[in-house]
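Asker: One structure is given below, represented as structure tokens, and several questions about it will come after.
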Amino acid sequence: MVNSSGNSTGIQIRNLFKIFGRSGLDYVDKVQHGMSKTELLEKHGHVLGLKDINIDMPAGSIQVIMGLSGSGKSTLIRHINRLIDPTSGQVLVEGTDVVKFNPLDLREFRRHKTAMVFQKFGLLPHRTVLENTVYGLEVQGLPRAKQVDAAMKWLDRVGLTGFENRYPNQLSGGMQQRVGLARALANDAPILLMDEAFSALDPLIRADMQSVLLDLQKEIRKTIVFITHDLDEALRLGDGIAILRDGEIVQQGNSQDIVLRPADEYIASFVKEVNRGRVVRVASAMAPLRDGDVGSTVSILGEATLEAAAYVFRQNDVDKLTVVDDANLPIGTISLREVMNAMLTTERAIH
Ligand SMILES: Nc1ncnc2c1ncn2[C@@H]1O[C@H](COP(=O)(O)OP(=O)(O)OP(=O)(O)O)[C@@H](O)[C@H]1O
Ligand SMILES: [Mg+2]
């Protein structure tokens, strides 16, 4: 295997282009120099899938890829386990370019480094919950006892103990997706690829699954690539969020970057309705500490959300909170008015 950069971890996508059609490579330069998706299709009969994608996904973080239908989300995630070959560019996983893998490397890589969770669950209907969950381990050739141990452990972690012998059609959608998640986790792969994994679920069940994933992630610390077209889901789950439009990244950042500084009208229109209290952090709305500040006996982390600050105000009869960093050192103060202003300010000025 080619290891081009030694000890990198996580996933780095570099200058990735995907142009569907007979001679995609001939159009990379033209697309790079501004040929639009429409012109490429109408004049040259090629489809622009992805244009010059660059993303760093640190190991152990959740990277969300967001965008409307047809923006290139599935095309992008399928490059990571090379279900799709790029027209040009690199997909580095732990520093190794997946694009250069030979068939044997690729098979090993798919079996041991990646696991997928699908939108339509992808369970085998004639297998029980347990037999579905051991599937990947069976393919890996693990001894049966180890397969069952791992499957039972993850079924328990997703709340399905007691359902091992049911069949998929005896379970609700939410429960089927828990099986999908347990099956992926049982593989013990460092990378989890989730393409619209929660999009088929009812809103309450969906929120539930998001909580399950966030809770598990504290323990499993996998590199998760999560695709969604839902902004609230993106903001809740993503350590990093990349927004795609017509195969191009129009903005990258964390949830707060996107809500506070939408890169263009398109993103501004997405974030307009977002509950900022759940996204914006206290540190970005506080007043910095000045000499002689009296502060407050009640403190809050700079990383806490404005909503969390509002709850602290409700429970304590104080004018201000002292904002502290991870080491509990004061970095500023915040008043109830500052919390309220930051929660209510919207980017409507843009419109
Ligand atoms: N095999 C293919 N051949 C030609 N064009 C393709 C192919 N696969 C995808 N495309 C095109 O590439 C673009 C991106 O498609 P993709 O499936 O990645 O979008 P998506 O963001 O996942 O959409 P959705 O939300 O509907 O799943 C679309 O214009 C699509 O028509
Ligand atoms: Mg898709």
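Asker: Go through region 3-20 residue by residue and tally those that are modelled with pLDDT of 95 or more and assigned to a loop (DSSP other than H, G, I, E, B). Spell out the reasoning first.
Answerer: Quick first cut of region 3-20, residues modelled with pLDDT of 95 or more only: 11-20.
Retained after the next criterion (residues that are assigned to a loop (DSSP other than H, G, I, E, B)): none.
Count: 0.
Asker: What number of residues within region 259-269 are open to solvent by less than 50 Å² (accessible area, probe 1.4 Å), outside any loop (DSSP other than H, G, I, E, B) and either among the β-branched types (V, I, T) or in contact with a helix residue (DSSP H, G or I) (Cβ under 9 Å, 6 or more places away or on another chain) (or both)? Reasoning before the result, please.
Answerer: Of all residues in region 259-269, those open to solvent by less than 50 Å² (accessible area, probe 1.4 Å) come to 259-260, 262, 264, 266-268.
Now restrict to residues that are outside any loop (DSSP other than H, G, I, E, B): 259-260, 266-268.
Among the residues that remain, those that are also either among the β-branched types (V, I, T) or in contact with a helix residue (DSSP H, G or I) (Cβ under 9 Å, 6 or more places away or on another chain) (or both) are: 259-260, 267-268.
Matching residues across region 259-269 total 4.
Asker: I249: within 29 Å of R221 (Cβ to Cβ) and not in a helix (DSSP H, G or I), yes or no?
Answerer: Details: within 29 Å of R221 (Cβ to Cβ): yes; not in a helix (DSSP H, G or I): yes.
Against the criterion (within 29 Å of R221 (Cβ to Cβ) and not in a helix (DSSP H, G or I)), I249 qualifies.
Asker: Between a first residue in region 64-75 that is outside the structural domain of D232 (by TED's automatic domain parsing) and a second residue that is open to solvent by 10 Å² or more (accessible area, probe 1.4 Å) and more than 9 Å from ligand 2 (Cβ to nearest atom), which pairs have beta carbons less than 9 Å apart while being 6 or more apart in sequence or on different chains?
Answerer: none
Residue-wise test of (1) in contact with a Gly (Cβ under 9 Å, 6 or more places away or on another chain); (2) touching a residue at least 40 places away in the same chain (Cβ under 8 Å).
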site	(1), (2)
G122	yes, yes
V139	no, no
K153	no, no
P168	no, yes
V179	no, yes
A189	yes, yes
L192	no, yes
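Asker: Of all strands (runs of 3 or more DSSP E) completely enclosed by region 29-142, which ones contain at least 3 residues that are out of contact with any Asp or Glu (no Cβ under 9 Å at 6 or more places or on another chain)? Before you say what the answer is, go through the steps one by one.
Answerer: Working: elements: 47-57, 62-67, 88-93, 114-117.
Fully inside region 29-142 and qualifying: 47-57, 88-93.
Asker: Within region 277-308, count every residue that is in contact with a Ser or Thr (Cβ under 8 Å, 6 or more places away or on another chain) and surrounded by 14 or more Cβ atoms within 10 Å (Cβ to Cβ).
Answerer: 14
The values are calculated or read from the model by the stated rules, or taken from the named source; none is laboratory data. Everything numeric here is computed off the predicted structure, so don't read it as measured data. Using ideal geometry, Cβ is built from the backbone for each residue, glycine included, and neighbour counts are taken over all protein chains shown. Side chains are part of the model used for accessible areas, which takes the heavy atoms of the whole protein and leaves out ligands, DNA and RNA. Shrake-Rupley method; radii C 1.70, N 1.55, O 1.52, S 1.80 Å.
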